[in-house]
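Below: one structure, written as structure tokens.
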Amino acid sequence: MRIAILTALAEDPDQRGRKRAFRIFAGRTILSHQLDCAIDLGCESVACLVGGLGQDVIACQHRAEAVGVRFQAIEDLRRLSGLVKAGDDVFVIADGLLPSAVEAVGQLAERPAVLTFPIDPALRLGFERIDGERAWAGMLRTRGQAVERLSDLPPDADAASALLRIALQAGSRQTPLDPALLANGDWLQRADQATILAREKRWISEQVSPVSFAAPGLATAERIGGRLARDIVGTRFERVPLFAAVGAGVLAGLLAVIGKPLVALSLGTIMAALLPLAGVVQRLGRVPRNRARRFGVDATLRAGADLLLVALIGLNMPVQGPDWLRLFIPTLLFGLLRLGEHLTLQSETRGRPASWHALYADRIVLLAVLLPAAFFGIAQFACAALSLLVLGSLFLRDAGERELTAG
């Protein structure tokens, strides 16, 4: 079994009475991000040394249980030996460490090791010295029998430091990390609040990868979502943007049924603006092991929103000819947009430039054109014209790719 040992006992030097592990990073505590790292490493159980069962610890427990990981908050160092068996794989993360999960998983997933940095600059950045040349990076993997020796130590001993010494005495290999992680601020220990905030901004941009302003509506919504996530991820308001988007869609459908198609389309536009914003918040708040399932929910919501928008746009078209024609033209438009997304996504996977992809997905810009057209009674003409533009862009994209391939 893989077991992670975390600690939340060190005091925050910037805030008296607050633990370093409970500093907020991207809307959640550093301890919560350490938990995500443990989940990425495949840990089935997490033991956390704490000074009391507060709200931050309970939030981590719920987060772990949501993906089937056992989380135990303990206050006595000696209890660790009863939780870990000799044959277990034990992962240790130092108190308050904010690691790069990618580096941690890459170095510790395959074999036991003690991660290290060069003594300079690691020592002055708060990392623990191993010898004259190296400092501990704050993470290690060892065997379970090392934990049994903790019962010989005083109750107030630092579990992480003790396990580091035990692992080194047992001859654990030392694996150096790239010092650029320290220079870039991607691996932090005892950092001040300004450094954490700078890292937070970079981390959010890396996780979200907001689209360029070639798709202005989508780009604006995603950047607003990234800023909002810093305030609401990990709180009871985390799902408010998602519920607001779904609520706007449901209300739009009800208004369409009672004969208010233009007002319904206006609410549909609000839904289209809220969905990418809610998607950013959801991506930043989701648990690593649960990621694939919740991405599926996002795709389902997008598909449902497109079907609703097709119906709302069709209801805002004048009745000329058979009724099915009112739905055919917006269906054709959204089908071409979906086709454009798919084709450009394939181009990206083959390493070719695909700058049109975000614009095909930008429903906010689309509705910014169609809503006024519906108000003036020319939605049918606008949909047909946009369909021709999208179709033409697909041919131009195809021709451009052929030239790149030929070249």
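Taking every DSSP bridge with both residues inside the stretch 24-168, close to 70 percent are antiparallel.
Here residue 317 sits with roughly 10 square angstrom of accessible surface, probe radius 1.4 Å.
Simple rule: put +1 on each Lys or Arg Cβ and -1 on each Asp or Glu Cβ in the chain, find the dipole, and look at 370, 221, 7; the Cα lying farthest toward the positive end is 370.
Taking 0.36 nm per residue of sequence separation and removing the Cα-Cα distance, the residue 205/residue 168 pair yields an extension gain of 9.6 nm. In terms of its C-alpha gyration tensor, the stretch 214-275 comes out oblate, because a/c is 1.5 or above while a/b does not outweigh b/c. For the chain, a simple Cβ point-charge model (Lys and Arg +1, Asp and Glu -1, everything else neutral) yields a dipole of about 540 debye relative to the Cα centre. Take residue 78, project a point 7 Å from its Cα along the Cβ direction, then tell me which residues of the stretch 1-40 have their backbone nitrogen under 11 Å from it. Residues passing the 11 Å test: none. Inter-label distance, residue 262 to residue 161: 7.2 nm, where each label sits 7 Å from its Cα along the C-beta direction. On a per residue basis, the chain carries 47 Å² of accessible surface, using protein heavy atoms and a 1.4 Å probe.
When only the Cβ of Lys, Arg, Asp and Glu is charged (+1, +1, -1, -1), the dipole of the stretch 52-190 relative to its Cα centre reaches about 260 debye.
Along the axis of the charge dipole computed for the chain (Cβ charges of +1 for Lys and Arg, -1 for Asp and Glu, origin at the Cα centre), the listed residues 91, 342, 195 are led at the positive end by 342.
Using C-alpha pairs below 8 Å separated by at least 6 residues, the relative contact order for the stretch 1-149 is 26 percent.
Antiparallel beta bridges, as assigned by DSSP with both residues in the chain, represent about 45 percent of the total such bridges. Tell me, what is the percent relative contact order of the chain, built from C-alpha pairs under 8 Å that lie six or more residues apart? Normalised by residue count, the contact order of the chain is 14 percent. Please say if the stretch 32-111 is rounded, prolate or oblate, where rounded means a/c under 1.5 for a ≥ b ≥ c the square roots of the C-alpha gyration tensor eigenvalues, and otherwise the choice is prolate for a/b larger than b/c and oblate otherwise? It comes out oblate by the Cα gyration axes. When each full DSSP H helix of the chain is screened for a Cα extent of at least 18 Å along its own axis and an average Kyte-Doolittle hydropathy of at least 0.0, the helices passing are 240-257, 261-285, 291-315, 324-349, 379-406. Stretching residue 1 away from residue 236 to a fully extended chain increases their span by 81.3 nm, per 0.36 nm per residue minus the current alpha-carbon distance. Each Cα pair under 8 Å and six or more residues apart adds its separation to the average, and for the stretch 76-156 the resulting relative contact order is 47 percent. Labels on offer are (1) 1.22; (2) 1.68; (3) 1.02, and the one holding Cα Rg over 2.2 N^0.38 Å computed from this structure is (1). In terms of its C-alpha gyration tensor, the stretch 148-203 has an oblate overall shape, because the principal axis ratio a/c (a ≥ b ≥ c, square roots of the eigenvalues) is not below 1.5 and a/b does not outweigh b/c. Surface composition of the stretch 162-243: carbon plus sulfur atoms contribute 55% of the solvent-accessible area (1.4 Å probe, protein chains only, all chains present).
The values are calculated or read from the model by the stated rules, or taken from the named source; none is laboratory data. In this text, all values refer to a predicted model and were calculated from it rather than measured experimentally. Positions of Cβ are backbone-derived with ideal geometry, glycine not excepted, and every protein chain shown enters the neighbour counts. Ligands, DNA and RNA are stripped out before the accessible areas are found, and what is left, the full protein with its side chains, is counted by its heavy atoms. Shrake-Rupley method; radii C 1.70, N 1.55, O 1.52, S 1.80 Å.
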